[in-house]
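S.K.: Sharing a structure below in structure tokens format, with a few things to ask.
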Amino acid sequence: MLWVKAFHIIFVTSWFAGLFYLPRLFVNHATATNVMVSEQLKIMEYRLYRFMLPLAVLAIGFGLWLWLGYGISGGWLHAKITLVAILMAYHIYCGKLIHDFKLDKNKRSHVWYRWFNELPVLLLFAIVILVEVKPF
Ligand code: HEM
């Protein structure tokens with residue numbers, strides 16, 4: 001089980017690297033006035049997003065393996081899975097935003113993206129506290 005947990009944490013960490021950096025690209029993109037810069041950011045966003053998907057799938061896959069394969073459960077895990085579902089919705093919504101930027105149809109300001117960027121941070125705190133402290 002420890003190998004499974006080790007890979008779970010490795011892919012969770014890698015997935016979060018993308019979840020933290022991608023909205024940062026959106027902040028820069030929302031302020032970009034130079035077409036060359038905007039085109040470059042479109043390429044970076046698309047490549048990063050394509051890279052994040054297998055990391056998310058593996059992070060969740062190893063988590064499900066821990067849950068269903070070793071029978072670990074509890075109220076904390078149900079709460080954790082609910083927060084992970086929000087994280088997955090966030091990931092999918094980032095895909096929609098990338099598409100908006102690609103078509104030069106972004107309507108959001110850089111300030112909005114700065115706040116948007118904070119949500120994965122809050123979710124990380126809550127998820128790790130749930131899995132380590134197991135408050136219920
Ligand atoms: C559906 C998705 C997920 C499921 C089913 C899941 C399930 C689990 C389970 C059953 C454990 C073992 C807990 C224990 O041994 O006490 C675990 C460990 C862990 N999970 Fe997840 N997890 C998921 C996603 C995530 C995500 C997105 C994060 C991001 C922060 C995360 C962070 C952790 C950490 C840090 C541990 C290690 C805890 C330890 O070693 O003490 N998990 N997960």
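The values are calculated or read from the model by the stated rules, or taken from the named source; none is laboratory data. Note that the structure is a prediction, hence the values are computed from the model and not measured. Every residue, glycine as well, gets a Cβ built from its backbone with ideal geometry; the counts of neighbours run over all protein chains shown. Ligands, DNA and RNA are stripped out before the accessible areas are found, and what is left, the full protein with its side chains, is counted by its heavy atoms. Shrake-Rupley method; radii C 1.70, N 1.55, O 1.52, S 1.80 Å.
S.K.: For the stretch 10-33, what are the residues that are within 9 Å of the ligand (Cβ to nearest atom) and loosely packed, with under 13 Cβ neighbours inside 10 Å?
M.R.: Thr13
S.K.: So, one more: What are the pairs, 6+ residues apart or on separate chains, where a residue within the stretch 36-50 that is touching a residue at least 60 places away in the same chain (Cβ under 8 Å) has its Cβ under 6 Å from a residue that is open to solvent by 80 Å² or more (accessible area, probe 1.4 Å)?
M.R.: That search, which allows pairs on different chains as well, returns Lys42/Lys102.
S.K.: Any chance you could count how many residues in the stretch 110-124 are within 16 Å of the ligand (Cβ to nearest atom) and free of Cβ contacts under 8 Å to residues at least 40 places away in the same chain?
M.R.: Selection size over the stretch 110-124: 3.
S.K.: Find all pairs meeting these conditions: Cβ atoms under 7 angstrom apart; at least six residues apart or on different chains; first residue within the stretch 69-94 and among the small types (Gly, Ala, Ser); second residue more than 9 Å from the ligand (Cβ to nearest atom).
M.R.: Once the first residue is among the small types (Gly, Ala, Ser) and sits in the stretch 69-94, its partners that are more than 9 Å from the ligand (Cβ to nearest atom) give Gly75/Phe136.
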